[in-house]
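The values are calculated or read from the model by the stated rules, or taken from the named source; none is laboratory data. Please read these numbers as outputs of a predicted model, since none were measured by experiment. As a convention, Cβ positions derive from the backbone with ideal geometry for all residues, glycine included, and neighbour counts pool all protein chains shown.
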Amino acid sequence: MRALIVDSSSRLLLFRADLPGRSPWWYAPGGGVEAGESDEQALVREVAEETGLVVDVASLQPPVWTRDYIFRWHEQDERHLERFFLIRIGEHKVDLSGLDPDEAAIAREYRWWAHAEIASSTERFSPRRLAELLARLLQGRLPREPVQIGD
């Protein structure tokens, strides 16, 4: 599950991943579903752990995007089936103290990005078409069904 956290200035919160042997990239906070959790419960837990933001599961809207892709982690391929949820907030001071050691080793940097900054940046983003896809959401054009976004 991934959270597209957008603040009152229409900036998106992204983390910078830095893994050995790969070019760094920016991605939305989130993670896997644990046994007994719904996707929404997992998202709320992951957002709290990674950002310190407390989200009420009942306030979540349906996911806006889905993605099915292979991610290489610890020398093994993992299939990631992700759902992206849009979460609009006021302001938030990110708290990284809840990151587990693996996450803390990868995501030491975060940033609030304006859409124009993403669109004009030479940095790598996940998903690759983030600027294009995000523009629709920021314009209030939410899909009726989650859009399959690819990598």
Residue match in the stretch 56-78 (condition: small (Gly, Ala, Ser) and in contact with a Phe, Trp or Tyr (Cβ under 9 Å, 6 or more places away or on another chain)): no
Which numbered condition LEU43 fails, given (1) at pLDDT 95 or above; (2) in a loop (DSSP other than H, G, I, E, B); (3) touching a Leu at 6+ places or on another chain (Cβ under 9 Å): (2)
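Quick check: anything in the stretch 77-89 assigned to a loop (DSSP other than H, G, I, E, B), among the aliphatic types (A, V, I, L, M), modelled with pLDDT of 95 or more and more than 23 Å from ASP151 (Cα to Cα)?
Within the stretch 77-89, the subset assigned to a loop (DSSP other than H, G, I, E, B) is 89.
Cutting the leftovers down to among the aliphatic types (A, V, I, L, M) gives us 89.
Now narrow it down to the ones that are modelled with pLDDT of 95 or more: 89.
If we keep only those that are more than 23 Å from ASP151 (Cα to Cα) too, we end up with 89.
Looking for residues that are assigned to a loop (DSSP other than H, G, I, E, B), among the aliphatic types (A, V, I, L, M), modelled with pLDDT of 95 or more and more than 23 Å from ASP151 (Cα to Cα), one finds at least one in the stretch 77-89, hence yes.
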Number of positions in the stretch 20-58 that are among the aliphatic types (A, V, I, L, M) and surrounded by 14 or more Cβ atoms within 10 Å (Cβ to Cβ): 9
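Among ALA131, ALA119, ALA114, which is over 14 Å from the mean Cα position of the chain (by Cα) and free of Cβ contacts under 8 Å to residues at least 60 places away in the same chain?
Details: ALA131 fails: over 14 Å from the mean Cα position of the chain (by Cα); ALA114 fails: free of Cβ contacts under 8 Å to residues at least 60 places away in the same chain.
Just one listed residue meets the conditions, ALA119.
Look through the stretch 122-145, keep the residues that are charged (D, E, K, R) and in a loop (DSSP other than H, G, I, E, B), and return whichever of them is surrounded by the fewest Cβ atoms within 10 Å (Cβ to Cβ).
Among them, the one singled out is ARG144.
Only one residue in GLY31, GLY21, GLY36 is over 17 Å from GLN148 (Cβ atoms), out of contact with any Lys or Arg (no Cβ under 8 Å at 6 or more places or on another chain) and at pLDDT 90 or above. Which one?
Details: GLY31 fails: at pLDDT 90 or above; GLY21 fails: at pLDDT 90 or above.
Matching residue, one of GLY31, GLY21, GLY36: GLY36.
Give the residue, chosen from ASP102, ASP68, that is out of contact with any helix residue (DSSP H, G or I) (no Cβ under 6 Å at 6 or more places or on another chain), charged (D, E, K, R) and in a helix (DSSP H, G or I). Step through it out loud before you land on a result.
Details: ASP68 fails: in a helix (DSSP H, G or I).
Residue meeting the stated conditions: ASP102.
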